[in-house]
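The values are calculated or read from the model by the stated rules, or taken from the named source; none is laboratory data. Fair warning: this is a prediction, and the values are worked out from it, not measured in the lab. Note: ideal-geometry Cβ built from the backbone for every residue, glycine included; neighbour counts use all protein chains shown. With ligands, DNA and RNA removed, areas are computed over all heavy atoms of the protein, side chains included. Shrake-Rupley method; radii C 1.70, N 1.55, O 1.52, S 1.80 Å.
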Amino acid sequence: MGNSKAFLTINRKEAGYRPIHERIADFSEVEQTLNTEDRILQASRCMECGVPFCHWACPLGNVVPEWQDLLFKGKWTEAYALLASTNNFPEFTGRVCPALCEKSCVLNLENQPLTIRENEVAITEHAFQEGYVKPRPPASRTGKTVAVVGSGPAGLAAADMLNRQGHSVTVYEKDESIGGLLRLGIPDFKLNKDIIDRRLAILEEEGIRFETGVEVGKAVSAAQLLAQFDAVCLAIGAGVPRDLPIEGRNLSGIHFALDFLKQQNRTVAGQTTPPAQQISAKGKKVLVIGGGDTGSDCVGTSIRQKATSVTQIEILPQPPEDTNPDTPWPQYPNILKTSSSHKEGCTRRWSLASKRFIGENGALTGVEVVEVEWTKDESGRFTMHETGKPEIIPADLVLLSMGFTSPVHEGLLDDLGVKYDARGNVEAVKANESSVKKVFVAGDVTLGASLVVRAIASGRKAAEIIKASLQV
Ligand SMILES: Cc1cc2nc3c(=O)[nH]c(=O)nc-3n(C[C@H](O)[C@H](O)[C@H](O)COP(=O)(O)OP(=O)(O)OC[C@H]3O[C@@H](n4cnc5c(N)ncnc54)[C@H](O)[C@@H]3O)c2cc1C
């Protein structure tokens, strides 16, 4: 431990965001970086706790205190090596992870947690800049073949680990580009897509084959896949968005969040959408239904597209601002999250249920909402009661951001005949194994819609299980 008193004398310092007036004019990343001296000072604040709760909270088991110490000592190469030993893609998590580790940091008891996520991305960017993130193809090949279906963080992590083991890996992706929700869901202002391309170039040089524009279950059948490969890893995500089937749902101007976000990501990538299919917030009163992260991404995107107003509503009550006795430290706290997008200017409201969409001549003009209250019954179950009078929120674009219910069953999954769990995800009958022989699972397809860090962890775990299955 470098500086045992730094946590007492140095405060948490975040790099912060670019100024609002500047960042809303483009889709570049909003987050700034600290200078090296400050970054090292931030790393020095780590107390190297005997029981590192940060490590416990990280789904990847990142050995956080150890790489803080290396960073503090200026041992950047070693810090990256240690970080990369548990995380295939620290450049992604360093940008988009909600940092479960920081919420569990002991210094968070004083609301001054270590800047673990920012330190992670600083170490990783330094590693790329200095050129020591290099392709390292396996020394020999095992002769075994594995198909990974889906190229999100789970599929990429599984492919990376399996390739390192010497297996020949082919990743199939139905979209035109690799990356899953990293590429087409998460906006560029949170994750610049060059960051994905930089990593993909390495994975390709290491020997992973990427097949884009191939929907497995259509272009390649499930039977073909099973016949051709020694193992199959399903990493197709949780692609079915939760709908809001209330009166007026068929009016024009109501879209799923992901359709809107995908289009914007494609526009930034230089693709064009035919005018009739364009979903634009320009000059519109936008209502985002759903108070989570996807909703927040819709807020930031609508603001950049020059919406006249943006409102985000949520059916659940507003969480407390600082601490929540229901989720005490070191748990991940259920407290109010205010993203960079929220700070760019939107109205946020809670405890509102949507009753019906209202329109004129087939086009949306507003949404009738009503205030609700949530009460707990004796069994601890929450029930919702309408309280206030109905109210109409004017809107000519609604973005449905209420999460995802399950993976798409039709096609590949039904053809394979995999078992589903009660929520409709592919059931892992044993760790990362589906009910079908030699078919494995990783990421949201089995976890349900989750986080990038969990998808990477799940992909790594699937690769371990596949490795063992290929050895018998
Ligand atoms: C808008 C949005 C923003 C988010 N922001 C964050 C964030 O900031 N931080 C965070 O941690 N998490 C975030 N998440 C969640 C995170 O992106 C997901 O949990 C994660 O990407 C899941 O990874 P995955 O690899 O399991 O699936 P996905 O990333 O969904 O990838 C699955 C891939 O499989 C492909 N596919 C599907 N079916 C087939 C088929 N039959 N054949 C071939 N390919 C197929 C899909 O096209 C897709 O590319 C966000 C999610 C959304 C929707």
- Note on the structure: Of all GluC sites (Glu not before Pro) in the stretch 86-194, the ones in DSSP coil with at most 13 other Cβ atoms within 10 Å are Glu176
- Task: Round to the nearest 10 and report in Å² the accessible area of Tyr17, as given by a 1.4 Å probe over the protein chains' heavy atoms.
- Result: 90 Å²
- Charges only on Cβ, +1 for Lys and Arg, -1 for Asp and Glu: so what's the dipole of the stretch 1-133 about the Cα centre, in debye to the nearest 20? 300 debye
- Query: Within the accessible area of the chain, what % is carbon and sulfur when the probe is 1.4 Å and the other protein chains stay in place?
  - Reply: 51 percent
- Message: Let me check I've understood the local charge: for Pro19, count other residues with C-beta under 14 angstrom from its C-beta, Lys and Arg +1, Asp and Glu -1. What total comes out?
- Response: -2
- Item | Karplus-derived HN-Hα couplings along the stretch 411-416 (A = 6.51, B = -1.76, C = 1.60, θ = phi - 60°), whole Hz, x at Gly and Pro | x, 3, 5, 5, 4, 6
- Give the peptides 62-75, 317-330 in descending order of average Cβ contacts within 10 Å, highest first. 62-75, 317-330
- Message: Can you tell me which lysines have their Cα less than 17 Å from the Cα of Lys285? Leave out same-chain residues fewer than eight positions away.
- Response: Lys306
- Net charge near Asp230 (other residues with Cβ under 12 Å of its Cβ; Lys, Arg +1; Asp, Glu -1) is +4
- Message: Order 7-13, 135-141, 438-444 from most to least packed using the mean count of other Cβ atoms within 10 Å.
- Response: 438-444, 7-13, 135-141
- Item | Gyration tensor verdict on the chain (Cα atoms; rounded if a/c is under 1.5, prolate if a/b is larger than b/c, oblate otherwise) | oblate
- Under 5 Å from the placed amide H of Tyr332, counting only residues 5+ away or on other chains, we find none
- Task: Just add up the charged neighbours of Gln312: K/R +1, D/E -1, any other residue whose Cβ is under 10 Å from the Cβ of Gln312.
- Result: +1
- Using a 1.4 angstrom probe on the protein heavy atoms only, line up His21, His342, His409 by accessible area, largest first. His21, His409, His342
- Message: Using DSSP to call loops (not H, G, I, E or B), can you name the GluC sites (Glu not before Pro) in the stretch 1-53 whose Cβ has at most 15 other Cβ atoms within 10 angstrom?
- Response: Glu14, Glu48
- Query: Near the amide H of Phe440, under 5 Å away, which other amide H atoms are found, from residues 5 or more places off or on another chain, if H is placed in the peptide plane?
  - Reply: Val232, Cys233, Leu234, Ser434
- Under a 1.4 Å probe, what is the accessible area of the stretch 114-272 per residue, stated in Å²? 40 Å²
- Hey, got a sec? Which GluC sites (Glu not before Pro) in the stretch 366-472 land in a DSSP loop and have at most 14 other Cβ atoms within 10 Å? Glu378, Glu410
- Under the classification rounded if a/c is under 1.5, otherwise prolate if a/b is larger than b/c and oblate if not, where does the stretch 292-427 fall, given a ≥ b ≥ c as square roots of the Cα gyration tensor eigenvalues? rounded
- Span-rule helices in the chain, defined as complete DSSP H runs reaching 15 Å or more along the axis (Cα) with Kyte mean at least -1.0: 76-86, 116-130, 153-164, 193-205, 257-268, 293-304, 452-471
- Message: Given Cβ point charges of +1 (Lys, Arg) and -1 (Asp, Glu) and nothing else, what value in debye, to the nearest 20, does the dipole of the stretch 133-210 about its Cα centre take?
- Response: 280 debye
- Beta bridge orientation in the chain: antiparallel %, DSSP, nearest 5: 40 percent
- For the stretch 1-157, the charge dipole (Cβ of Lys, Arg +1; Cβ of Asp, Glu -1; about the Cα centre) points to a positive end, and the Cα of Leu107, His126, His55 closest to that extreme belongs to His55
